[in-house]
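The values are calculated or read from the model by the stated rules, or taken from the named source; none is laboratory data. Quick caveat, the model's predicted, so the values are computed rather than measured. FYI the Cβ positions are ideal-geometry reconstructions off the backbone, even for glycines, and counts take in every protein chain you see. Keep in mind that these areas ignore ligands, DNA and RNA; they rest on the heavy atoms of the full protein, side chains included. Shrake-Rupley method; radii C 1.70, N 1.55, O 1.52, S 1.80 Å.
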Amino acid sequence: MRVQREGRLVRATLERPPVNALDAAAYRWLTETCAAMRPDECLLIDAAGRVFSAGHDRGEPADGESLAVGAAALTAVLRCPAPVVVAAQGPAIGAGALLLAAADIPLIASDAWLKLPELDVGVTVGHAILSRLLPPAVASRALLTSERIPAAVLGTAVRPPDDLAPAAEDAARTLLGKPLGMVSLARRSWGEREHAAAAYESEVTAFLTRDRDVT
């Protein structure tokens, strides 16, 4: 994982070959990167390789502590003081798809796809964030069936693969070109991102509570 600053544009690149799986260190890196942002900056999250992110690293236990660390990273993206652009150049799976959905401006290559195998790996969370990217009923179906969702479903977020990187940078530069403070004011006043973060936290709490009751 690496962070590169270009003036007020901060580029955070997932770089965990071969599939950019998210382990505890990657989640904490995302959390810390978002916490360090200023409202007058813009965070552009992208990834190296052919896969944007395969989601949670299967090499780590999918227990309550791991879920809490991952959830903290996703809510940190939603609560980032700066606007967030996410560019998915390849498949976005599980937490990778939720990371894309947490962006202010999500962009995805036309040959990429989403998949939410959450139920298959024993968790039920993600609907609150995924519903920012997909209509709620489609988000429900994606989580219940774990079927692939082609990039084409995302409409204006889709870019030809060769155009994705410049489109993401153009989007970030456009946000940075707005009158100082107006983007930050809009994001705060709308309250939508905080609503999604709080709803996602409620999903996580409900799941963990149920999990304790069952065990």
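Data overview
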item: Hits in segment 48-70 (condition: among the small types (Gly, Ala, Ser), open to solvent by 10 Å² or more (accessible area, probe 1.4 Å) and at pLDDT 95 or above); result: 48, 49, 54
item: Among (1) touching a residue at least 60 places away in the same chain (Cβ under 8 Å); (2) closer than 21 Å to residue 158 by Cβ; (3) surrounded by fewer than 18 Cβ atoms within 10 Å (Cβ to Cβ), the one test that residue 40 misses; result: (2)
item: Answer from 47, 26 - the residue that is in contact with a strand residue (DSSP E or B) (Cβ under 6 Å, 6 or more places away or on another chain) and closer than 16 Å to residue 73 by Cβ; result: 47
